[in-house]
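Working notes, structure below.
The values are calculated or read from the model by the stated rules, or taken from the named source; none is laboratory data. Nothing here was measured: the structure is a model prediction, and the numbers come from that model. Ideal geometry is used to build each Cβ from the backbone, glycine not excepted, and the neighbour counts take in all protein chains shown. Just so you know, the surface numbers come from the protein's heavy atoms only, side chains and all, with ligands and any DNA or RNA stripped out. Shrake-Rupley method; radii C 1.70, N 1.55, O 1.52, S 1.80 Å.
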Amino acid sequence: WQLIIYEMQLWRLVTCFLFFGTFGLPFFWNTYVLVFYCSSLEDVAFHSKSADFLWMLVCGAGMLLVLTYFLGNTYFISGAMIDLMTYVWGRRNSAARMQ
């Protein structure tokens, strides 16, 4: 946080959500899960409301950043964003049957 606040490296606020680790199976799985849930939410729950979907992403990212600031020094919170998308998708599709 010192680099963001004192040296104005604001790009770190965005890139912390984009790092999924080194290339390998976990990287591709996390990328697939994030793209699947985001596209499913945008198509079904936020159909023709792209601005609302973007606002949900911004608010969720903001809450994760605030929690990270107060609760610990976690540098990469892309996993938390995946959990956030999974939670929102699960709440919106509570009757969906999982196989």
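Restricting attention to region 81-99, the residues that are at pLDDT below 80 and open to solvent by less than 50 Å² (accessible area, probe 1.4 Å) total 2. If we keep just the residues of region 18-36 that are modelled with pLDDT under 85 and either surrounded by 10 or more Cβ atoms within 10 Å (Cβ to Cβ) or touching a strand residue (DSSP E or B) at 6+ places or on another chain (Cβ under 8 Å) (or both), which is farthest from Val66 (Cα to Cα)? Applying the filter and picking the extreme gives Gly21. What are the residue pairs meeting all of these: first residue in region 12-33, first residue farther than 12 Å from Phe76 by Cβ, second residue open to solvent by 90 Å² or more (accessible area, probe 1.4 Å) and at pLDDT 90 or above, Cβ atoms under 6 Å, and 6 or more apart or on different chains? From region 12-33, no pairs qualify. Within region 69-81, work out how many residues are free of Cβ contacts under 8 Å to residues at least 12 places away in the same chain and within 12 Å of the chain's Cα centre (by Cα). Residues flagged as free of Cβ contacts under 8 Å to residues at least 12 places away in the same chain and within 12 Å of the chain's Cα centre (by Cα) within region 69-81 amount to 0. Taking region 1-38 as the range and being assigned to a helix (DSSP H, G or I) and β-branched (Val, Ile, Thr) as the test, the residues that pass are Ile4, Ile5, Val14, Thr15, Thr31, Val33, Val35.
For region 69-80, how many residues meet the condition of being outside any helix (DSSP H, G or I) and surrounded by 17 or more Cβ atoms within 10 Å (Cβ to Cβ)? Let's see the steps before the verdict.
From region 69-80, those outside any helix (DSSP H, G or I) are 72-77; that's our starting set.
Now restrict to residues that are surrounded by 17 or more Cβ atoms within 10 Å (Cβ to Cβ): 77.
So the answer is 1.
Figure legend. Inter-residue proximity from region 43-58: first residues open to solvent by 70 Å² or more (accessible area, probe 1.4 Å), second residues of a type in the set (D, E, K, R), beta-carbon distance below 9 Å, spacing 6+ or different chains. Indicated pairs: Val44/Arg92; Lys49/Glu42. Take the conditions without any contact (Cβ under 8 Å) to a residue 12 or more places away in the chain, open to solvent by 50 Å² or more (accessible area, probe 1.4 Å), closer than 20 Å to Ser40 by Cβ and not charged (D, E, K, R) and apply them to Val66. Does it pass? In short, no. Please verify whether Ser40 is more than 18 Å from Cys16 (Cβ to Cβ) and touching a residue at least 40 places away in the same chain (Cβ under 8 Å), treating the condition exactly as stated. For Ser40, the condition - more than 18 Å from Cys16 (Cβ to Cβ) and touching a residue at least 40 places away in the same chain (Cβ under 8 Å) - is met.
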